[in-house]
Amino acid sequence: MSATHDLLMICGSLRAGSTNEALLRTAADVAPDRFNAHFYTGTAALPHFNPDHDVDPLHPAVIELRSMIAAADALLFCTPEYAGGLPGSFKNMLDWTVGGVDIVGKPAAWLNASNAGRGGAAGAHASLRAVLGFTGATLVEDACAHIPVPRSSFGDDGVIRDEELRGQVSNSLGALLDHLTAARDT
Ligand SMILES: Cc1cc2nc3c(=O)[nH]c(=O)nc-3n(C[C@H](O)[C@H](O)[C@H](O)COP(=O)(O)O)c2cc1C
């Protein structure tokens with residue numbers, strides 16, 4: 001029997017009705033059976049990052065973040081761009097991962113839900129790429145994709161029904177699964 005993989009979804013938007021969250025919810029919906037999808041929802045509860053506070057006893061929200069990352073086999077990020085870069089709350093979450101060892105070597109990918117109007121959120125994703133490099137996560141390039149999500153493409157359950165978009169999400173997850181399978185077999 002094939003191994004299953006715990007996939008932790010992390011959204012950069014706190015907004016109700018988020019297109020980025022919809023892309024992650026769709027990823028959970030189309031994910032192959034070999035993925036167990038989990039959602040990290042603690043970003044807003046994290047304290048402002050301060051190296052002086054990155055010591056025991058850690059804030060419970062930091063412990064939760066690092067524990068969920070440690071328990072995951074792979075990470076899937078989806079974030080909007082704010083003012084040319086990453087949303088502050090999302091960057092704060094990423095800063096808290098740097099002091100922990102849980103993310104080092106962890107396969108990670110991003111889906112970019114931006115509609116291309118303002119540059120396709122290229123600034124945010126260049127920043128995300130750089131930050132993930134500092135955290136020590138392993139970016140799975142083949143699984144990263146720009147999949148523009150119209151706000152009209154999903155309903156109250158936040159799951160996209162458009163087959164073309166679902167297929168693109170499925171392709172990314174397939175690439176992530178290929179990476180995890182190859183890593184396990186080497
Ligand atoms: C304060 C603010 C700043 C924004 N800055 C940018 C930006 O620099 N580049 C961009 O492409 N979109 C920008 N946007 C648009 C958001 O990225 C866009 O609305 C996105 O869909 C929000 O993601 P969500 O639907 O997951 O909440 C900005 C939106 C807000 C509210």
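Here is how the numbers come out for the structure above:
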{"quantity": "Residue identified as farther than 16 Å from Thr19 by Cβ, more than 10 Å from the ligand (Cβ to nearest atom) and in contact (Cβ under 8 Å) with a residue 24 or more places away in the chain among Gly158, Gly100, Gly167, Gly123", "calculated": "Gly100"}
{"quantity": "In the range 1-24, residue nearest to Ala72 (Cα to Cα) [restricted to those that are within 11 Å of the ligand (Cβ to nearest atom) and small (Gly, Ala, Ser)]", "calculated": "Gly12"}
{"quantity": "Enumeration of residues in the range 6-36 that are under 13 Å from the mean Cα position of the chain (by Cα) and in a loop (DSSP other than H, G, I, E, B)", "calculated": "Gly12, Ser13"}
{"quantity": "Search result, residues across the range 121-151 that are among the basic types (Lys, Arg) and at pLDDT 95 or above", "calculated": "Arg129"}
{"quantity": "One residue from Phe39, Phe77 being closer than 22 Å to Ala113 by Cα, free of Cβ contacts under 8 Å to residues at least 40 places away in the same chain and in a strand (DSSP E or B)", "calculated": "Phe39"}
{"quantity": "Yes/no for Phe134 being assigned to a helix (DSSP H, G or I) and over 15 Å from Glu21 (Cβ atoms)", "calculated": "yes"}
{"quantity": "From Asp29, Asp54, residue being touching a residue at least 60 places away in the same chain (Cβ under 8 Å) and surrounded by 13 or more Cβ atoms within 10 Å (Cβ to Cβ)", "calculated": "Asp29"}
{"quantity": "Exclusive hit being hydrophobic (A, V, I, L, M, F, W, C), within 15 Å of the ligand (Cβ to nearest atom) and farther than 22 Å from Ala183 by Cα, set Ala44, Ala27", "calculated": "Ala44"}
{"quantity": "Tally, over the range 126-151, of residues that are free of Cβ contacts under 8 Å to residues at least 40 places away in the same chain, within 16 Å of the ligand (Cβ to nearest atom) and surrounded by 19 or more Cβ atoms within 10 Å (Cβ to Cβ)", "calculated": "0"}
{"quantity": "Within the range 79-97, considering residues that are of a type in the set (D, E, K, R) and surrounded by fewer than 20 Cβ atoms within 10 Å (Cβ to Cβ), the one nearest to the ligand (Cβ to nearest atom)", "calculated": "Lys91"}
{"quantity": "Top-ranked residue of the range 55-74 - restricted to ones that are part of a loop (DSSP other than H, G, I, E, B), over 14 Å from the mean Cα position of the chain (by Cα) and among the hydrophobic types (A, V, I, L, M, F, W, C), ranked as farthest from Leu177 (Cα to Cα)", "calculated": "Val55"}
{"quantity": "Criterion (modelled with pLDDT under 95 and not in a helix (DSSP H, G or I)) met by exactly one of Ala3, Ala108", "calculated": "Ala3"}
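The values are calculated or read from the model by the stated rules, or taken from the named source; none is laboratory data. Quick caveat: nothing in here was measured; it's all calculated off a predicted structure. For neighbour counting, all protein chains shown are included, and Cβ atoms are generated from backbone atoms with ideal geometry for every residue, glycine included.
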